[in-house]
């Protein structure tokens, strides 16, 4: 019990230091298994979360679902869903919903919901190269729950209120001979804030750049740099290896902090099931299970 409370305290403080709303790099089990190195990958409908420019190159429509308990703690949950579809004259658009909550002893300590709209646009495409642009508009809402109150358990605390903000993301994705890809993404480029006046706080802003290279058809190697404002640069590297047409293995590493990830993907025609995990030098393992359904 004492250990659980210590871990909870670390997590709550880390969320506070991340400028109030949680900053999440790993959307989908494939991203988790590759330690967040997939900003230059197209990634199906997961492009909604990882790089909206990747939507422009999608040939199939899809729905994705994912769920994880961060650091193995049942009261620290993150669930997400996304949908992408190609439309005439508009291109490919996507919609996302995220739910990120921290509960303890049936009390809500914090509850975050984010909904987004995304579009991928083809700027250039020929036999040898492509250049895609994408953007996303996200409405982020956070409910702070109640204070501890005289009893200390939140049962008689004060309502701490809630806030909303709109964030704008943008991304680029370029490919050469379908062997080399370059990707970049900027999160919360419009510098959104929660609250007003002296109580206003910034939402996390982040820039990611990366490259993916396929030496032959069965393997993709990936690397990326990620920098959040006021935090050290993180280095990510990963690999996706196709063992069989229906089985992919993944692995990845990350710095600041040093973490290792791995996972696999099972594919049956329209259905993809992915599993991934990521270690932490102090906290327990994070695991994620995600599902994707594709159709023409």
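The modelled label-to-label distance between residue 168 and residue 246, using points 7 Å beyond Cα along the C-beta direction, is 4.7 nm. For the chain, the relative contact order is 20 percent, taking Cα pairs closer than 8 Å that sit 6 or more residues apart in sequence and dividing their mean separation by the residue count. Full extension of the segment from residue 233 to residue 127, taken as 0.36 nm per residue of separation minus the current Cα-Cα distance, would add 34.6 nm. Largest mean-square fluctuation among 160, 176, 65, in a Gaussian network model of the chain whose springs join Cα atoms under 10 Å apart, belongs to 160. The angle separating the long axis of helix 2-17 from the principal Cα axis of greatest extent in the chain is about 70 degrees. Between residue 160 and residue 218, the FRET efficiency from the beta-carbon distance, with R0 = 51 Å, is close to 0.50.
Projected label points at residue 108 and residue 266, each 7 Å from Cα along the beta carbon direction, are separated by 3.5 nanometres. Values of log10 I(q)/I(0) for segment 197-296 across q = 0.14, 0.15, 0.18 Å⁻¹ run -0.70, -0.78, -1.01, by the Debye formula with one identical scatterer at each alpha carbon and no solvent. Every pair of different Cα atoms in the chain enters the Kirkwood calculation, which places the hydrodynamic radius at 19.7 Å.
Legend: calculated FRET efficiency, residue 95 to residue 196, from the Cβ-Cβ distance at R0 = 41 Å, rounded to 0.05, equals 0.90.
The calculated FRET efficiency for residue 285 paired with residue 189, based on their beta-carbon distance and R0 = 35 Å, is about 0.60.
Computed from the coordinates by the stated procedures, all read-outs in this text should not be read as laboratory data. Worth saying up front: this structure is predicted, and the values here are computed from it rather than measured. All Cβ positions, even for glycine, are placed from backbone atoms using ideal geometry, and neighbour counts span all protein chains on display.
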